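Student: I have a structure here, written as structure tokens, and I will follow up with some questions on it.
The values are calculated or read from the model by the stated rules, or taken from the named source; none is laboratory data. These numbers come from a predicted model, not from an experiment. Note that we place each Cβ from the backbone using ideal geometry, even for glycine, and neighbour counts take in every protein chain shown.
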Amino acid sequence: MKEIDNIKYEKITYQNYQTRIDKLFQKENLLKLGLNKKTLAKTEYGYNLDCITIGNGNNDLFIVAGTHGSEIISIDFVTQLIEKIDNLNNFDPNIFKIYIIPIQNPEGFDISSSVFNNININNYEKSSYEYYLRYRTDNLIINTIKDLNLFLNNLINNKNIVSTNELLYYLKHYIKTNKKIKILESNNAMPKIKIFNKLLLELPTTNSYKELKIKLLNICDITISKLNPNNLNDSFLKLFLLELKKYFNTKELWETIENNNQIRLYQEMFAKCKIKNLQSSLLEKDINKIYKLYKHPNGSQIGHDSTGIGINLNANNKHNPGILSTKTKSIIWGLGPKSNIQNYTPGPIGTATYDPNNFKYAKENKALYKLIENSYQKGTYLMTLLYHGTGGLIYYKPYQDMMNDNTYNKYYDYNKTLANIYSRKTNYTILEESGKTGYGDLLRRTYPGVLLIELSKMGGNPIGPYGDHNNIYITINDNLAAINDIFKYLKKEIKAEKKYSK
């Protein structure tokens, strides 16, 4: 398969997604491949859960995107996959039939994408990159400096250290070897900036810890004064150094951050954005009620994952411990980027308030299960690809404790083969771990060939991956090539009459 030149880079909202789908059904080449669409179910707020099929063969492959409404790149990818299916020379419509659910969570997607309607497409890449910098580094900064805080306290209280020069030696060694610092320095959010190395080069020998703090503060001030406020990388470095200064001046800063509903930097960018113009006016009305009732700050919905009634579809599994530990009357603040979102409150902004004694699978998950199960029982099932947003990862391993040995070994070998094929073109990390708590985990122990793919290596849902035009091109092109290789492998398996369904 050759690289594709006409990969789209555009702002994806619920409204222009509909336009993109309508245009697909105007393409003669796709109609000849058997392009079709049907509605599997209606969501709680009346959105269509649509399934698009391509091909007329008797070997079924399932593709699902938009399980989390904020993972916009997954929806972008699968719609471009449909449009460019002709470029996959190993796809044979007489052999295969692809079932594609482009948005498993249309309510969540409408909520998430509506927030960005006010961003001009001409500034989309710049705005997305700034969002990416803030989103990705917020937790890294806090966790790194928290570690540094703990290390320094232990170091200062260590009675075996008799001189400040010795203290400085251990500090330098720690900074050079700490894994979190290495991640922070190598993260794409800090291109070509080695903050701690820079500080170490300028760090003088001191006679006291108090003097060391003063010197570090001076280095921060001098560095900040040299930065260009109009440069995104410099503006990020300034944010980091300001946080570092706060640490040296405020011992309990990080406990304060953990225990209150502080708005994160990335959320401040969109504090004035409103949920509006949704397809469901009732959903829009209900969200505004939740904002007022639970006092969620504007920007809270940036990290939105769930459906309109608050169900995270991938966590909608009776084995998920979060369901059993739900405290319906408690106010519990979210972690990390969701620190200003109250968990366990009703509706789409927080996590759903489940009754653990009356667990139910969501409509969207029931429809997906019914679709796959029907194919499996007919003996036409091949595999399932579940697309999520960011990470560049492949989950493939079933949860062994919930399967008999023969089934587990069969699924494990098949899944790993598929994961290795997929990784060759994408260079995604294949995770050697399994779980039982997600709905994807439930599918993976029920059916063979279920892979969960985290698409973009550039993180920060919903729009972080769009902070680099080239990132979208690489992500979509590489994943198209990976699917093409999957079809090549599956054709050989079909020819050899190897079947993985009943």
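Student: Out of (1) touching a residue at least 12 places away in the same chain (Cβ under 8 Å); (2) out of contact with any helix residue (DSSP H, G or I) (no Cβ under 6 Å at 6 or more places or on another chain); (3) not in a loop (DSSP other than H, G, I, E, B), what's the single condition that is false for Gly34?
Tutor: (3)
Student: Can you pull out every residue in the range 90-120 that is surrounded by 24 or more Cβ atoms within 10 Å (Cβ to Cβ) and free of Cβ contacts under 8 Å to residues at least 60 places away in the same chain?
Tutor: Answer for the range 90-120, where residues must be surrounded by 24 or more Cβ atoms within 10 Å (Cβ to Cβ) and free of Cβ contacts under 8 Å to residues at least 60 places away in the same chain: just Ile98.
Student: In this structure, does Gly69 turn out to be surrounded by fewer than 17 Cβ atoms within 10 Å (Cβ to Cβ) and among the small types (Gly, Ala, Ser)?
Tutor: Values: surrounded by fewer than 17 Cβ atoms within 10 Å (Cβ to Cβ): no; among the small types (Gly, Ala, Ser): yes.
So Gly69 does not fit the description; no.
Student: Could I ask something else about it? Tell me which of these His469 doesn't satisfy, since it passes every other one: (1) at pLDDT below 95; (2) closer than 30 Å to Phe359 by Cα; (3) not charged (D, E, K, R).
Tutor: So the condition that His469 fails would be (2).
Student: Are any of the residues in the range 232-254 surrounded by 14 or more Cβ atoms within 10 Å (Cβ to Cβ), aromatic (Phe, Trp, Tyr) and modelled with pLDDT of 65 or more?
Tutor: No: the range 232-254 contains no residue that is surrounded by 14 or more Cβ atoms within 10 Å (Cβ to Cβ), aromatic (Phe, Trp, Tyr) and modelled with pLDDT of 65 or more.
Residues are listed down the side, and each one gets a yes or a no for (1) β-branched (Val, Ile, Thr); (2) over 14 Å from Leu382 (Cα atoms):
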{"position": "Glu454", "(1), (2)": "no, yes"}
{"position": "Lys457", "(1), (2)": "no, yes"}
{"position": "Tyr466", "(1), (2)": "no, yes"}
{"position": "Ile472", "(1), (2)": "yes, yes"}
{"position": "Ile486", "(1), (2)": "yes, no"}
{"position": "Lys491", "(1), (2)": "no, no"}
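Student: Scan (1) surrounded by 15 or more Cβ atoms within 10 Å (Cβ to Cβ); (2) modelled with pLDDT of 75 or more for the single condition Gly334 breaks and write down its number.
Tutor: (2)
Student: Among the polar types (S, T, N, Q) and either within 21 Å of Asn314 (Cβ to Cβ) or touching a residue at least 40 places away in the same chain (Cβ under 8 Å) (or both), is that true of Asn415? If you could, list the steps in order and put the result at the bottom.
Tutor: Working: among the polar types (S, T, N, Q): yes; either within 21 Å of Asn314 (Cβ to Cβ) or touching a residue at least 40 places away in the same chain (Cβ under 8 Å) (or both): yes.
When the stated conditions are applied, Asn415 passes them.
Student: When the range 282-320 is examined, which residues are found to be surrounded by fewer than 21 Cβ atoms within 10 Å (Cβ to Cβ) and at pLDDT below 75?
Tutor: Selection gives Lys295, His296, Pro297, Asn298, Gly299.
Student: Ok, one more. I need a count of the residues in the range 45-83 that are assigned to a loop (DSSP other than H, G, I, E, B), hydroxyl-bearing (Ser, Thr, Tyr) and at pLDDT 95 or above. Spell out how you get there, then give the answer.
Tutor: Going residue by residue through the range 45-83, those that are assigned to a loop (DSSP other than H, G, I, E, B) are 45-47, 55-58, 65-71.
Next cut, hydroxyl-bearing (Ser, Thr, Tyr) only: 45, 47, 67, 70.
From what is left, the residues that are at pLDDT 95 or above are 45, 47, 67.
Here the count works out to 3.
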